[in-house]
Amino acid sequence: RAKETGRNGVQFYAPHMNAHATDRLALEGALRGALRNDQFELYFQPQVDLGSGRVVGTEALIRWRHPHLGTVRPDRFIALAEETGLIVPIGAWVLRTACRQNQHWQRAGFGPLRVGVNLSARQFSEPDLVQTVQRVLDETGLGADSLEIELTESMMMADVESAIDTMRCLKAMGVTLSIDDFGTGYSSLAYLKRFPVDVLKIDQSFVRDIVGSPDGAAMVDAIISLAHGLRMHVIAEGVETLAQLDYLRGCGCDEVQGHIYGRPGRVEDVEPLLRMGWMEPTPEHA
Ligand code: C2E
Ligand code: MG
Ligand code: MG
Ligand code: MG
């Protein structure tokens with residue numbers, strides 16, 4: 001487990017904390033150093049098609065290999081990276097690395113695979129985002145249809161018209177767009193049908209509520225029907241149990257991502273699964 005304080009006294013900054021300016025400055029410096037010294041790494045989590053059991057893609061999730069703290073998860077540093085603007089170069093690194101890796105896997109013959117990349121609000125509002133994405137696709141040779149960009153409701157709602165504009169440009173390139181953590185942001189259904197998105201990712205808080213609560217189960221069923229009615233695909237996130245999986249299958253959920261199929265892992269751990277091409281659900285605490 002990562003300790004709260006590094007040997008050098010760096011205190012991690014979480015959005016709810018009012019961290020001291022000196023701590024923030026130290027962490028900002030550490031983040032800059034991380035980028036320079038290649039301390040970021042991408043983990044990949046498989047996404048499985050419920051009908052066929054095939055691995056159809058992965059989501060790229062950033063980790064910071066901290067020299068003293070070990071592997072640091074994104075909740076600990078993304079907020080500050082966002083505030084300081086460092087998320088822009090970090091995000092560009094994520095995009096390039098994820099696309100390059102996915103193209104490598106496809107060239108190795110692991111079938112058509114999609115890679116999901118999380119965007120931050122700051123990146124999404126950068127005026128040259130669309131050019132950056134195009135350049136990365138050109139440089140890595142990855143087909144646009146193999147890239148899925150994950151956005152959140154709040155990013156889309158900050159400036160609806162310009163968000164729709166940006167989304168249309170990305171769609172015109174052939175990129176797949178998804179709404180991450182769906183149901184936890186404050187978007188309204190009136191907007192949902194205006195957003196040119198292809199995939200809706202049901203947040204894990206809804207998935208957790210499926211079993212043991214009829215209302216929770218009804219919510220998930222309704223979200224899936226709504227998405228399908230709008231001709232969107234559905235990915236359920238954070239699926240951990242067979243009971244959740246069975247219920248989702250019964251509702252016609254398209255894809256699943258969660259510990260039931262596998263935690264996010266390093267390239268060398270995920271590769272054998274991609275080579276095999278399909279997965280069996282395995283409850284972790286069976
Ligand atoms: P997210 O995009 O919603 O990613 C899903 C999170 O759920 C991941 O946490 C993943 O490890 C976790 N997860 C997956 N399956 C399960 C499960 O069965 N049970 C539970 N309890 N959790 C599960 P992670 O990797 O710590 O990432 C947290 C968040 O940080 C992500 O949420 C995303 O919003 C953000 N993030 C990650 N990588 C990046 C990145 O490269 N750029 C940006 N801007 N944000 C990122
Ligand atoms: Mg995501
Ligand atoms: Mg999510
Ligand atoms: Mg999230």
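Candidates Arg107, Arg100: the one that is open to solvent by 30 Å² or more (accessible area, probe 1.4 Å), within 26 Å of Met279 (Cα to Cα) and within 18 Å of the chain's Cα centre (by Cα) is Arg100.
Looking only at segment 110-122, filter to residues that are open to solvent by 20 Å² or more (accessible area, probe 1.4 Å) and within 14 Å of the chain's Cα centre (by Cα); which one of those is nearest to Glu150 (Cα to Cα)? So, considering only residues that are open to solvent by 20 Å² or more (accessible area, probe 1.4 Å) and within 14 Å of the chain's Cα centre (by Cα), the one nearest to Glu150 (Cα to Cα) is Asn118. Has segment 75-87 got at least one residue that is hydrophobic (A, V, I, L, M, F, W, C) and exposed (fewer than 15 other Cβ atoms within 10 Å of the Cβ)? So far as segment 75-87 goes, no, none of its residues is hydrophobic (A, V, I, L, M, F, W, C) and exposed (fewer than 15 other Cβ atoms within 10 Å of the Cβ). The condition (being touching a helix residue (DSSP H, G or I) at 6+ places or on another chain (Cβ under 8 Å), away from ligand 4 (no atom under 16 Å from the Cβ) and not polar (S, T, N, Q)) is satisfied by just one residue among Val117, Val88: Val88.
Out of Leu61, Leu50, one residue alone is away from ligand 1 (no atom under 13 Å from the Cβ), at pLDDT 95 or above and surrounded by 15 or more Cβ atoms within 10 Å (Cβ to Cβ). It is Leu50. Scanning segment 182-195 for residues that are within 12 Å of ligand 3 (Cβ to nearest atom) and more than 21 Å from Gly252 (Cβ to Cβ) gives Thr184, Gly185.
Counting only strands (runs of 3 or more DSSP E) wholly contained in segment 29-75, the ones carrying 3 or more residues that are in contact with a helix residue (DSSP H, G or I) (Cβ under 9 Å, 6 or more places away or on another chain) and without any contact (Cβ under 8 Å) to a residue 40 or more places away in the chain occupy 55-66. When segment 111-162 is limited to residues that are within 16 Å of ligand 1 (Cβ to nearest atom) and among the small types (Gly, Ala, Ser), the one that is farthest from Leu177 (Cα to Cα) turns out to be Ala158. Summed over segment 211-249, residues that are outside any helix (DSSP H, G or I) and either open to solvent by 20 Å² or more (accessible area, probe 1.4 Å) or within 15 Å of ligand 3 (Cβ to nearest atom) (or both) total 14.
Evaluate segment 196-210: report whether one residue or more is more than 16 Å from ligand 3 (Cβ to nearest atom) and part of a helix (DSSP H, G or I). Checked segment 196-210: no residue is more than 16 Å from ligand 3 (Cβ to nearest atom) and part of a helix (DSSP H, G or I). Looking across segment 148-181 at every residue that is within 15 Å of ligand 3 (Cβ to nearest atom) and hydrophobic (A, V, I, L, M, F, W, C), the one that is most open to solvent (accessible area, probe 1.4 Å) is identified as Met155. Within segment 125-141, is even one residue open to solvent by less than 30 Å² (accessible area, probe 1.4 Å), touching a Leu at 6+ places or on another chain (Cβ under 8 Å) and within 16 Å of ligand 2 (Cβ to nearest atom)? No, that holds for no residue.
The values are calculated or read from the model by the stated rules, or taken from the named source; none is laboratory data. None of the values given here were measured: they were computed from a predicted structure. Every residue, glycine as well, gets a Cβ built from its backbone with ideal geometry; the counts of neighbours run over all protein chains shown. To get the accessible areas, we keep the full protein, side chains included, count just its heavy atoms, and leave off ligands, DNA and RNA. Shrake-Rupley method; radii C 1.70, N 1.55, O 1.52, S 1.80 Å.
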